[in-house]
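All remarks here apply to the structure that follows.
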Amino acid sequence: MSNEGAARPKSRSWLVALPLIAFAVLAGLFWFRLGSGDPARIPSALIGRPAPQTSLPPLEGLIAGGAQVPGLDPAAFKGQVSVVNVWASWCVPCHDEAPLLLQLAQDKRIRMIGINYKDAQDNARRFLGRYGNPFNAVGVDANGRASIEWGVYGVPETFVIGRDGTISYKLIGPVTPENFDRVLKAEIEKALRAKP
């Protein structure tokens, strides 16, 4: 009888520990998947699809060459490789990537387009005044709806649009010295070589 009594508590202790072990295993898998993943490698459902047909108003008072810089016109995506950068003046990484975007804008084979995300227009103009304006067009996404259509997770994000108007690449996070040549410029070159 004493052996039976001793066996019952051991089997109950395993039953009590089993949910804790299962939880620990699931938590470990969850942590591993989150911790080891590169957020810039999150696939976009929009790759290979036409760029969203969303028009955005211009950033009022943003002048280049004596004229108002235009807003976002989806018709402009046809015929030329475009780089679309979603940015905001309050975004710290956007400040860091600004010099690299200016450098990219020196390539006259591409068209640089900015989507200013949920920003005060005065702050956005000051930002571009401080760092320089790399954009041929800047659309204002005051409420964030257009960025949702673009599948934006957060700012900054950068898209490469082919001559046919389809999205060929999406970079989540800032343009950095590490990904500038190796990733972004390589994707732009691929888009430039692709037949329209």
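I'd like to check something: does region 57-65 contain any residue that is at pLDDT below 95, touching a Leu at 6+ places or on another chain (Cβ under 6 Å), of a type outside the set (S, T, N, Q) and in the same structural domain as L184 (by TED's automatic domain parsing)?
no
Using the structure shown, decide if D141 is in the same structural domain as L46 (by TED's automatic domain parsing) and in contact (Cβ under 8 Å) with a residue 40 or more places away in the chain.
Numbers: in the same structural domain as L46 (by TED's automatic domain parsing): yes; in contact (Cβ under 8 Å) with a residue 40 or more places away in the chain: yes.
When the stated conditions are applied, D141 passes them.
How many residues, within region 87-142, are more than 17 Å from the chain's Cα centre (by Cα) and not hydrophobic (A, V, I, L, M, F, W, C)?
Of the residues in that region, 19 qualify.
Mind checking which residues of region 57-69 are more than 19 Å from R130 (Cβ to Cβ), within 22 Å of the chain's Cα centre (by Cα) and outside any strand (DSSP E or B)? Spell out how you get there, then give the answer.
Of the residues in region 57-69, the ones more than 19 Å from R130 (Cβ to Cβ) are 57-58, 65-68.
If we keep only those that are within 22 Å of the chain's Cα centre (by Cα) too, we end up with 57-58.
Correct list: P57 only.
The values are calculated or read from the model by the stated rules, or taken from the named source; none is laboratory data. Only a predicted model underlies this, so the values are computations on that prediction, with no experimental measurement involved. So basically every Cβ, Gly included, is an ideal-geometry build from the backbone, and we count neighbours across all protein chains shown.
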